[in-house]
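The values are calculated or read from the model by the stated rules, or taken from the named source; none is laboratory data. Keep in mind the model is a prediction, meaning the values are calculated, not measured. Because the Cβ atoms are built from the backbone with ideal geometry, glycine has one as well, and the counts that use them run over all protein chains shown. The area values use the complete protein model at the heavy-atom level, side chains included, leaving out ligands, DNA and RNA. Shrake-Rupley method; radii C 1.70, N 1.55, O 1.52, S 1.80 Å.
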Amino acid sequence: MARLIVLGGGVAGHTAATFAADWLGRDHEVVVVTPNAKWNWIPSNIWVGVGQMSKEEVTFDLAPVYAKAKITYKQAKAVSLNPEGNTQSSTPYVSIEYTGQGKDGQIEEVTYDYLINATGPKLNFGATPGLGEGSTLGEHTVSVCTADHAVHAAHELQKCMEKMKAGERQKILVGTGHGMCTCQGAAFEYIFNIEHELRKAGLRDMADIKWISNEEFLGDFGMGGLHMSVGGYVVSSRIFTESLFAERGVDYIIGAHTSKVEKGKIEYELLDGSKGEEAFDFSMLIPPFAGVGLKAYDKGGDDITDAVFAPNGFMKVDADYTVKAYEQWKASDWPSTYQNPIYPNLFAAGIAFAPPHIISKPAKSPNGTVINPTPPRTGMPSGIIGKAVAKSICDLILKGKDAPLHQASMAHMGAACVASAGKGWLDGTAAAMTVYPVVPDYEKYPGTGRDTDYTFGEIGLAGHWIKHILHFMFIYKAKLKPFWKVIPE
Amino acid sequence: MAVKPEEFNFAKNDKFRTAMIPGKMARYLRTCKLWQFIRFIILNIKMLIVVSKSH
Ligand SMILES: Cc1cc2nc3c(=O)[nH]c(=O)nc-3n(C[C@H](O)[C@H](O)[C@H](O)COP(=O)(O)OP(=O)(O)OC[C@H]3O[C@@H](n4cnc5c(N)ncnc54)[C@H](O)[C@@H]3O)c2cc1C
């Protein structure tokens, strides 16, 4: 009997574990190690953050789902990997620390035959002074990255709206809390959902709403922007994003590294090296992401973290990590099997894998401050990668060690993304977008790097309907309800 | 005379001077139920094509 351990019960890990349990059947064991008791459909946290959904609507208990799928569930966080075992045994194992199930704080070593690291990001609030400590959100701003953060954000927004009702004008600042953030899409959704809610409440005139982002241009989204065919033209996402900001009266600061956060004020540096300050009454700033800080040790107990993980804490896989100039970046630099180059029974999926480089054009201020978005790994690629990695491991277990690995390179994969700009079955809007491929391939598509037949976007009510239907569909799928397997990632 | 929404935005912020602004028709179509139902079907088909190319 083989044992597969999946670290992380988020989008990638849950997809990998549930498919692997289904494909492997009762003869093998799938173990999920994840610190959370609940699964969270993170994209809908935006609606929780504006008080339009409750935490209960975007989360559910993992234990009954894993019991149904015959998955061993350990509510714990992984601390370190021993991929060679130790001096007593060569069996690889992972050390975990329980966070629930009545065993809080207990340490356990769990051996494995195969392991998938799908631990997602550490929300690195501590990278910006004042934004928070380590992975803990500070007191000056709010976040929508977890369901609990979003509940808190909604509460603070409500207070801000009460002040507007009392005639007090409010400044709202939303965007990125560091020069090397990703996930601009989430902040984009949040700012336009706030704007929509204020309009609905008749308070729009009482608020100055401002966007601050590390993107070099509006609509970069960490993907270097995208070009889509519209009305016979191939148009940059910048044009449409700028248009939405203008239409909704949302001012912006771009190419900005948020360097410090204080009560009611941030300091920032721009790409031209100049520095500035921005006051706010309510602010949601996305933190930069890092790996969750897993350690790795060899058989003798020596620290090999640097060999297994990149400096940002994400796990090294089959990518080309050679440092090279932007002009030399290639689609083939991106990983396709997500297998660790040193330990072939170790894989990463979703945000947990180390990208070879960013996707947007790298940029620095004259002071040497790096101000560019890091690459997004959104839900669809995370799910597809999780499933591909699970398939590879199941084949290695069921067909033998020579079975070919499945591939899911972000340079050969598209992504469908629906960015909410306001919730409402009759008056909501969302930008529905697809990009193909996610990572531009300038050898294949020398113009825009992407196939303009499959890269498009438009804003409207239909996008909102899709976004809301996806909310129900993905929660249904994650609960493993009938026919869950036919719902694509 | 009522000010058109697009005029309002241009005046409000200098950064918007070169921005493309949706006109009356584009804004109407965005939440027109019948048109959006058609777009819903089309968008789903387009997305499914990209999804199927990616699995
Ligand atoms: C507010 C917001 C809105 C978003 N909206 C969209 C959207 O509309 N569309 C879209 O495609 N994407 C969206 N995303 C991105 C999407 O949520 C991510 O792409 C996706 O969650 C990544 O999946 P993952 O499994 O890699 O990480 P996660 O889903 O974050 O899962 C990681 C899991 O690992 C667990 N973990 C952490 N540390 C450890 C440890 N030490 N040991 C074991 N487990 C650990 C975590 O608890 C978590 O369960 C959004 C993100 C945010 C923050």
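For the structure I just gave you, tell me whether A:ALA421 is within 11 Å of chain B (Cβ to nearest Cβ), modelled with pLDDT of 95 or more, within 16 Å of the ligand (Cβ to nearest atom) and in contact with a helix residue (DSSP H, G or I) (Cβ under 7 Å, 6 or more places away or on another chain). Yes; evaluated as a whole, the condition is true for this residue. Condition check for A:ILE342 on (1) assigned to a loop (DSSP other than H, G, I, E, B); (2) away from the ligand (no atom under 14 Å from the Cβ); (3) touching a residue at least 60 places away in the same chain (Cβ under 8 Å); (4) under 21 Å from A:LYS444 (Cβ atoms): one failure, at (4).
Residues in the range A:403-418 that are more than 9 Å from every other protein chain (Cβ to nearest Cβ) and at pLDDT 95 or above: A:ALA403, A:PRO404, A:LEU405, A:HIS406, A:GLN407, A:SER409, A:MET410, A:ALA411.
Could you go through the range A:351-364 and let me know if any residue there is open to solvent by less than 10 Å² (accessible area, probe 1.4 Å), out of contact with any helix residue (DSSP H, G or I) (no Cβ under 9 Å at 6 or more places or on another chain), in contact (Cβ under 8 Å) with a residue 24 or more places away in the chain and among the polar types (S, T, N, Q). Yes. Looking only at the range A:274-299, residues that are within 15 Å of A:GLU84 (Cα to Cα) and open to solvent by less than 60 Å² (accessible area, probe 1.4 Å) come to 2 in all. Evaluate the following for A:PRO376: is it within 14 Å of the ligand (Cβ to nearest atom), under 19 Å from the mean Cα position of the chain (by Cα), at pLDDT below 95 and more than 14 Å from every other protein chain (Cβ to nearest Cβ)? Spelling it out, A:PRO376 is indeed within 14 Å of the ligand (Cβ to nearest atom), under 19 Å from the mean Cα position of the chain (by Cα), at pLDDT below 95 and more than 14 Å from every other protein chain (Cβ to nearest Cβ). Being free of Cβ contacts under 8 Å to residues at least 24 places away in the same chain, open to solvent by 10 Å² or more (accessible area, probe 1.4 Å), in contact with a Ser or Thr (Cβ under 9 Å, 6 or more places away or on another chain) and within 13 Å of chain B (Cβ to nearest Cβ) is a property that A:TYR445 lacks.
The set of residues in the range A:9-23 being open to solvent by less than 10 Å² (accessible area, probe 1.4 Å) and either more than 8 Å from the ligand (Cβ to nearest atom) or in a loop (DSSP other than H, G, I, E, B) (or both) consists of A:GLY9, A:ALA16, A:ALA17, A:THR18, A:PHE19, A:ALA20.
This table checks each residue for (1) farther than 16 Å from A:THR429 by Cα; (2) at the interface with chain A (Cβ under 8 Å from one of its Cβ atoms).
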position: B:PHE10; (1), (2): yes, yes
position: B:ASP14; (1), (2): yes, no
position: B:THR31; (1), (2): no, yes
position: B:GLN36; (1), (2): no, yes
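Given the criteria within 27 Å of the chain's Cα centre (by Cα) and modelled with pLDDT of 95 or more, does A:LYS275 qualify? Criteria not met by A:LYS275.
Suppose we keep only residues that are closer than 30 Å to A:LEU426 by Cβ and more than 13 Å from chain B (Cβ to nearest Cβ) within the range A:448-473. Which one would you say is nearest to the ligand (Cβ to nearest atom)? Ranking the candidates gives A:HIS471 first.
For the range A:386-409, the candidate set comprises residues that are open to solvent by less than 30 Å² (accessible area, probe 1.4 Å) and more than 17 Å from A:VAL30 (Cβ to Cβ); within that set, the residue that is nearest to the ligand (Cβ to nearest atom) is A:ALA408. Looking only at the range A:128-154, filter to residues that are among the small types (Gly, Ala, Ser) and either surrounded by fewer than 18 Cβ atoms within 10 Å (Cβ to Cβ) or within 14 Å of chain B (Cβ to nearest Cβ) (or both); which one of those is nearest to the ligand (Cβ to nearest atom)? It comes out as A:SER135.
For the range A:113-160, the candidate set comprises residues that are of a type in the set (Asp, Glu) and assigned to a helix (DSSP H, G or I); within that set, the residue that is nearest to A:THR182 (Cα to Cα) is A:ASP148. Consider A:THR176 carefully, then state whether it is touching a Pro at 6+ places or on another chain (Cβ under 7 Å), within 15 Å of the ligand (Cβ to nearest atom) and away from chain B (no Cβ under 14 Å). In short, no. Name every residue in the range A:448-474 that is out of contact with any strand residue (DSSP E or B) (no Cβ under 7 Å at 6 or more places or on another chain), open to solvent by 20 Å² or more (accessible area, probe 1.4 Å) and within 20 Å of A:THR15 (Cα to Cα), in order of residue number. The answer is A:ILE469, A:PHE472, A:MET473, A:PHE474. Out of all the residues in the range A:232-262, which are within 11 Å of another protein chain (Cβ to nearest Cβ) and assigned to a loop (DSSP other than H, G, I, E, B)? Correct list: A:ARG248, A:GLY249, A:VAL250, A:ILE254.
For A:LYS210, the conditions (1) among the charged types (D, E, K, R); (2) buried (at least 23 other Cβ atoms within 10 Å of the Cβ); (3) assigned to a strand (DSSP E or B) all hold with the exception of (2).
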